[in-house]
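What follows is a set of notes on a single structure, which appears directly below.
The values are calculated or read from the model by the stated rules, or taken from the named source; none is laboratory data. Nothing here was measured: the structure is a model prediction, and the numbers come from that model. FYI the Cβ positions are ideal-geometry reconstructions off the backbone, even for glycines, and counts take in every protein chain you see. Please note that ligands, DNA and RNA were not included when accessible areas were found on the heavy atoms of the full protein model with its side chains. Shrake-Rupley method; radii C 1.70, N 1.55, O 1.52, S 1.80 Å.
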Amino acid sequence: MMGMRWMLSWSLPLVALGFSAAASTPTEAPKAPPAASTQAAPSQKAQQPVALTYEPKDCDPVKELKCLCVGSVGSAEAALKEIGLDPEVIRTSGAPCIQGDFDRDGNPDYAFPGAGYRMCNGAAPVRVIFTKKGLVREVQALPREMSCFNLYRPNKKPGRDGVPPTKKDSLVDWGEGNATWLYRFDGKRWLATQCDSEDA
């Protein structure tokens, strides 16, 4: 019993010491999370607006085979590079292009033939930039290459070469001795309609 009292008399002050040391040692503040986790993720680079004008300004794409568009194609640069067009050249000198409203939503759309376009002497793939509120909404490819490239306005009656009526701006590739093709956008994709050329 005496041994027990002796042990208790030594252990109690040690326990008390332990509590007092713990109380006097400041607790370490929790580390702040890394800066990246406390801030919102950086937003994607703001899209550049599409800002294109005709050169010459009065060029009529219904009649002319080479209206040039000059300015910025916004975020469609990569899609145009795929068909050999240089966005810097478009900004400064321009490239063949047709402006229309192919989806009939009130926003301008732009069709660009690729680098091989030679106004009826060389077919080229075509990319169409659809815009919304000045920005690129979508870029689509036409199903065929084009060589004699014009805008075809809405028409209630069949046109030259048996081109059928259409309610929207469309694209036409005049046959020049071969078949003429009309390209209409149906809201999701481009439809190609073959027509008889006047010389066929």
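Things to note:
- Among the trypsin sites (Lys or Arg not before Pro) found in region 128-164, those both in a DSSP coil and sparsely packed, with 10 or fewer other Cβ atoms within 10 Å of their Cβ, are Lys133, Lys156.
- In a fully extended conformation the segment linking Thr193 and Lys156 would gain 11.7 nm over its present Cα-Cα distance, using 0.36 nm per residue.
- With the simple spin-label model, which puts each label point 7 Å out from Cα in the Cβ direction, the Cys120 to Thr53 separation comes to 3.0 nm.
- Flagged links, alpha-carbon separation over 19 Å, of Lys63/Lys132; Lys132/Lys188; Lys63/Lys168; Lys132/Lys168; Lys168/Lys188: Lys63/Lys132
- Per-residue SASA remark: Val50, around 20 Å² accessible (1.4 Å probe; ligands, DNA and RNA not included).
- Remark: spin-label model distance Thr92-Leu135 equals 2.9 nm, labels positioned 7 Å along the Cα→Cβ axis.
- Accessible surface calculations at 1.4 Å, restricted to protein heavy atoms, place region 58-200 at 49 Å² per residue.
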